[in-house]
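To start, I am sharing the structure in question, which I have written as structure tokens.
The values are calculated or read from the model by the stated rules, or taken from the named source; none is laboratory data. Keep in mind the model is a prediction, meaning the values are calculated, not measured. Don't worry about glycine lacking a Cβ; one is built from the backbone with ideal geometry, like all the others, and counts go over all protein chains shown. All accessible areas refer to the heavy atoms of the entire protein, side chains included, with ligands and DNA or RNA removed. Shrake-Rupley method; radii C 1.70, N 1.55, O 1.52, S 1.80 Å.
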Amino acid sequence: MATINKTTHDGYIWTKQDCPICKIPPKQFLGTRGGRSHREGLGVEAEIWACEKCGLIFPNPMPFPENGLGQHYDLDADDYFQHHDKDEKIENARSLVQKAEELLGRRGKILDVGVGRGEILLVAKERGWDVSGVEPSETFADYAEKHTGARIWRQPVEDAELPDGEFDVIILGAVLEHLYDPDKVIENIARALKVGGLLYLDVPNERGLYFRIGNVYQKLRGRKWTVNLAPTFTPFHVIGFSPKSLRLLLSKYSLSPAAWTVYAGTSLVPSGRGIIGFVESVASKLVTALSSVGENGTYIETWARKS
């Protein structure tokens, strides 16, 4: 009897898969996430697994939105980003572009992947860069194109027909964890970069102390839950990296870190109701503070140069 690799239910196409980086089946089951395995019942329950070779974390089977990415992201840009401070995002974009100029030693062609409202494109254009973007969400692409005048590829970056060796800098900030085939994404981006060009990446460190302690806490409470990823509810994180798995993926495509930081960020658990909610919030803040040591932080940031 043939193995059934796909089923469709709850708005998703559930597809069994191997590790996107190592191409081998995952063997380490971390727990379930979403639906009845979420403190607020968000999303649909998914099984979360890890590759024993590289440590990459991902759902298996993977829940692909039945109606495409628009099922998650075709929202009004201002509504989706309503909790984002626009002035703060502009300042962050300015710092990012300035760092690109410092590492590259000049200005040139910059491609922002997942443009959102286009803050990076606006800042880079003001500073004299030739700007372009990739944005599969039609509503986000419309917004960015209207406000920046930049060319926007309206496809997933792994499918976008980007010109070979065209860009000096490609920005992939807080995006890769949302994409279903990170290997193909980095392959396509590396091909589009000039030799000596830079890729900026910012992803959660799903092997950080916050996640490890969170998973232990769930087990102590007698749950088979995991706190890794969010494949069927916002922010729709479907791939979880660690320093090891990210370095391995970059090296496959001749990308070497020119700058590398693992940082703690802020606590991910809001103040909850009752004694348990209060204790969880305080514990999360303590774990976040402790995670600043070594590569135990909650986020990874790197600038990788193509050789």
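What number of residues within the stretch 148-176 satisfy the criterion of being under 17 Å from the mean Cα position of the chain (by Cα) and open to solvent by less than 10 Å² (accessible area, probe 1.4 Å)?
Here the count works out to 5.
Give the residues of the stretch 131-149 that are of a type in the set (A, V, I, L, M) and modelled with pLDDT under 95, sorted by residue number. So that I can check it myself, show each step before the final result.
Step one: filter the stretch 131-149 for residues of a type in the set (A, V, I, L, M), giving 131, 134, 141, 144.
Residues satisfying the conditions are Ala141, Ala144.
Quick test for you: out of Leu246, Leu209, pick the one residue that is farther than 22 Å from Arg36 by Cβ, open to solvent by less than 10 Å² (accessible area, probe 1.4 Å) and not hydroxyl-bearing (Ser, Thr, Tyr). Walk me through how you get there before you give the answer.
Details: Leu209 fails: open to solvent by less than 10 Å² (accessible area, probe 1.4 Å).
Testing whether each residue is farther than 22 Å from Arg36 by Cβ, open to solvent by less than 10 Å² (accessible area, probe 1.4 Å) and not hydroxyl-bearing (Ser, Thr, Tyr) leaves just Leu246.
Could you list, in sequence order, the residues of the stretch 267-307 that are outside any strand (DSSP E or B), at pLDDT 80 or above and within 18 Å of Ser242 (Cα to Cα)?
Within the stretch 267-307, Val287, Thr288, Leu290, Ser291, Ser292, Val293, Gly294, Glu295, Asn296, Gly297, Thr298 meet the criteria.
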